[in-house]
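Notes for the one structure printed next.
The values are calculated or read from the model by the stated rules, or taken from the named source; none is laboratory data. Source: prediction; values computed, not measured. Virtual Cβ from ideal backbone geometry, glycine too; neighbours counted across all protein chains shown. SASA here: full protein model, heavy atoms, side chains in, ligands and nucleic acids out. Shrake-Rupley method; radii C 1.70, N 1.55, O 1.52, S 1.80 Å.
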Amino acid sequence: MNTISASIVTPNGTVYEGNVHMISVRATGGDMGILPNHIPIVAPLKISAVKLKSEGIDEYVAVSGGFVEVRRGSVVTILTEAAERKEDIDVERAQLAKEKAQQRLAELNEKTAEYQEAQKELQRAENRLHVASL
Amino acid sequence: MASLRDLKARINSTKNTRKITNAMQMVSAAKLNRAQLQAQAYQSYTNKLREVVSNIATANKGSIRHPMLQSRPVKKTAYIAFTAERGLAGAYNSNVLKRVNKMVSERHNSSDEYTIIALGRMGLNSFRNREMPIASEKIGLPDQPTFDDVKDIAKLAVGMFERQEIDELHLVYNHFNSAISQEVRDMKLLPLGEVEAAGEAATYEYEPDAEEVLETLLPLYAEGLIFGTLLDAKAAEHAARMTAMQSSTDNASELIDKYTLQYNRARQAAITQEISEIVGGAAALQ
C-alpha cells in the first residue's frame with residue numbers, strides 16, 4: 001500500500017518523522033485530508049490537532065499554526081513554531097497556561113495586541129489539552 | 001626583589017586562577033558542543049522554510065506584493081544586537097557593540113532615526129550608558145535557548161516592521177566560523193528582498209491563495225531567522241569564551257613558570273648567602 005513520508009519540523013528540531021497512510025490537518029480554509037499522491041500544495045494551518053493515520057494506529061500532534069507543504073512523491077512536511085505529540089504533552093503545564101491566559105484576558109483591554117496574543121495563548125493551551133484527551 | 005613568601009603566595013594564587021579558567025574552558029567546550037547540535041536541528045527547519053518561500057517568490061515573480069518584501073523610504077531603522085550575559089569571552093561583546101556604534105554613527109544624525117533591541121546584559125548596559133534609544137530588551141537568555149525564549153522579541157521586531165514603526169531591521173551578531181574563529185556580521189533582515197532559490201522550483205497549489213500563504217509564511221520565516229541568528233551567536237559566544245579561557249590558562253601557566261624560576265633563584269640566593277655568612281663567621285673566629 002502507498003504511504004506518505006511525513007515530518008513535522010519546528011525550530012527546536014523534528015517532532016515527528018515516519019511513514020503514514022493518511023494525514024488530516026485543519027487548514028485556515030477548512031479541514032484537509034492528505035492521501036498518497038496528493039497534488040503539491042501549500043496551506044497555512046490553524047492552531048489545531050494533526051492526525052497521522054497509519055495501519056491501525058492514529059497518532060495526534062498538537063501544532064500551533066504554521067503550514068503544511070505537500071510535495072510530489074507523497075512527501076508531506078508540516079512547519080510550525082511549536083508542536084507536541086500527544087504522549088509528550090504535559091497536561092498540568094497546559095492547564096496552568098490556560099488559566100494564566102484566561103487571567104490575562106480578563107485584565108486586558110480587548111483592542112490591544114496583548115489581548116490578541118493572550119487569546120492565541122489560550123487557544124494553544126486549549127488545543128494541547130484537547131489533543132491530550134484524544 | 002620580592003621575598004620568598006610573596007613569591008610563594010603569588011604562585012599559589014595564579015594556580016587557583018588557572019584552575020578556574022581551565023574549568024570555564026571545559027564548560028564552554030561542552031556548551032559549544034550542545035549549541036552546535038541545536039543549530040543542526042534548527043537548520044532543517046530554516047532550510048525547509050527558505051525553500052518554500054523562495055519557491056513561492058520565484059513561481060510568482062513580479063505578481064506578489066507583500067509589505068515584508070518591499071523596501072520603502074527609510075525613516076527609522078531598528079538594530080538587534082546579540083550580546084552575551086557576561087564578559088570573559090575575549091572581544092565577543094565589544095566587537096558587536098563597536099559595529100552597532102559604527103553603523104549608528106555613520107547612518108544616523110539623530111537618535112530619532114534608529115532604535116535598538118538589546119539581547120544580552122552586556123549590550124543592554126552599554127547602550128544604556130550611552131543613552132541610546134532602546135525599543136526592547138531581553139536579558140537572561142539561557143545557554144541553550146529554545147524558540148519560546150525569543151518568540152516575543154522576534155514577534156515584536158517583525159510586528160514593528162509590519163506596523164511601519166520601523167522601515168528596516170538589521171541584526172548584528174557574531175557568526176560562528178569554527179571553534180577558533182568568529183566574525184562580526186550585520187544582516188539586513190527586513191525587508192526580506194530577494195530570497196535566493198534553493199533547488200528546483202516546484203509548482204504548488206496554494207490554499208486559499210498565494211498571498212494568504214505568504215501572509216503566514218513570511219513572519220514565520222523572519223522570526224525563524226532571528227532565532228537562527230541567536231543560535232549562531234550563542235555558538236560563537238561559547239567558542240569565543242573557550243578560546244579566551246584557553247589563552248588565560250596558557251598565560252597563567254607561563255606566569256607560574258616565571259614565578260617558580262624567580263622563587264628558586266631567590267631560594268638559592270638565600271642559601272648561598274647563609275653559607276657565605278657561616279664561612280665568614282668561621283673564618284673570623286680563627
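Could you tell me whether B:A78 is of a type in the set (A, V, I, L, M), open to solvent by less than 10 Å² (accessible area, probe 1.4 Å) and part of a loop (DSSP other than H, G, I, E, B)?
no
When you scan the stretch B:15-73, how many residues do you find that are among the polar types (S, T, N, Q) and within 14 Å of another protein chain (Cβ to nearest Cβ)?
Residues that pass the stated criteria total 11.
I'd like to check something: does the stretch A:104-120 contain any residue that is open to solvent by less than 40 Å² (accessible area, probe 1.4 Å), more than 22 Å from B:E215 (Cα to Cα), in a helix (DSSP H, G or I) and within 12 Å of another protein chain (Cβ to nearest Cβ)?
No, the stretch A:104-120 contains no residue that is open to solvent by less than 40 Å² (accessible area, probe 1.4 Å), more than 22 Å from B:E215 (Cα to Cα), in a helix (DSSP H, G or I) and within 12 Å of another protein chain (Cβ to nearest Cβ).
Check whether at least one residue in the stretch B:165-175 is touching a His at 6+ places or on another chain (Cβ under 9 Å) and among the charged types (D, E, K, R), and report yes or no.
Within the stretch B:165-175, not a single residue is touching a His at 6+ places or on another chain (Cβ under 9 Å) and among the charged types (D, E, K, R).
For the stretch A:22-35, name all the residues that are more than 10 Å from every other protein chain (Cβ to nearest Cβ) and open to solvent by 30 Å² or more (accessible area, probe 1.4 Å).
A:M22, A:S24, A:R26, A:D31, A:G33, A:L35, listed by residue number.
With out of contact with any helix residue (DSSP H, G or I) (no Cβ under 9 Å at 6 or more places or on another chain), at pLDDT below 90 and in a helix (DSSP H, G or I) as the only criterion, which of B:S110, B:S54 stands out?
Going through B:S110, B:S54 in turn, just one is out of contact with any helix residue (DSSP H, G or I) (no Cβ under 9 Å at 6 or more places or on another chain), at pLDDT below 90 and in a helix (DSSP H, G or I): B:S54.
Taking the stretch A:5-14, which residues are modelled with pLDDT of 90 or more and surrounded by fewer than 20 Cβ atoms within 10 Å (Cβ to Cβ)?
A:S5, A:S7
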